[in-house]
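To start, the structure under review is shown below, and the notes come after it.
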Amino acid sequence: MNAKNILAAVLLLFVAGSLVAVALNRGRDGGADTGPLPDGVTVYYFHSKTRCPTCRSIESFAHEAVTRGFADVVQAGRMKWQVVNYELPENEHLVEEYNLVAPIVVLVRSEGGEVRDSKELHRVWELVDDREAFVEYVQEETRAMLGKPSTWARNEF
């Protein structure tokens, strides 16, 4: 194989990899379905276009809190993890809806397709240097949000 063919193959692999990355990011980062679950709790990590190391830690620790503490609830379809860039034009409505001024974790509880409650977890910023305390805080707040629904019992999970 000559250098021209090798270069063409490398470029094709790069383009294919880029398309896959874009598709994965779209689904994970504000793609088609950024709305809350119709019945359950949605744990959002809202971020801006600029992603500092602290913001990435908040996302990572919050994701860990959900996956480590609520795998059965997620599996049952009563909770979902959603990462959303609130600066994208299609997500602008979320800024006002959830009082977003900076990257934050927000819990949203819905029943019958209606948002019944939401809570911004502002303490994530002060706890980001203590992973275990951070995870415990997010899990505690999430358990409290799960305990509020009137249409399902907590022990269903």
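Here are some notes:
- Qualifying residues in segment 35-58 (those that are touching a residue at least 40 places away in the same chain (Cβ under 8 Å) and part of a helix (DSSP H, G or I)) - the one nearest to the chain's Cα centre (by Cα): 58
- Answer from 141, 111 - the residue that is at pLDDT below 95 and more than 20 Å from residue 56 (Cβ to Cβ): 111
- Selection from segment 59-76 of residues that are of a type outside the set (Gly, Ala, Ser) and either within 11 Å of the chain's Cα centre (by Cα) or not in a loop (DSSP other than H, G, I, E, B) (or both): 59, 61, 63, 64, 66, 67, 68, 72, 73, 74, 75
- Inter-residue pairs, beta-carbon under 7 Å, first more than 17 Å from residue 44 (Cβ to Cβ) and in segment 108-131, second among the acidic types (Asp, Glu), 6+ apart: 111/39; 112/39
- Residues being closer than 17 Å to residue 55 by Cα and either of a type in the set (Asp, Glu) or not in a loop (DSSP other than H, G, I, E, B) (or both) - total across segment 96-106: 3
The values are calculated or read from the model by the stated rules, or taken from the named source; none is laboratory data. None of these values were measured; they are calculated from a predicted model. Note that each Cβ is placed from the backbone with ideal geometry, even for glycine, and that neighbours are counted across all protein chains shown.
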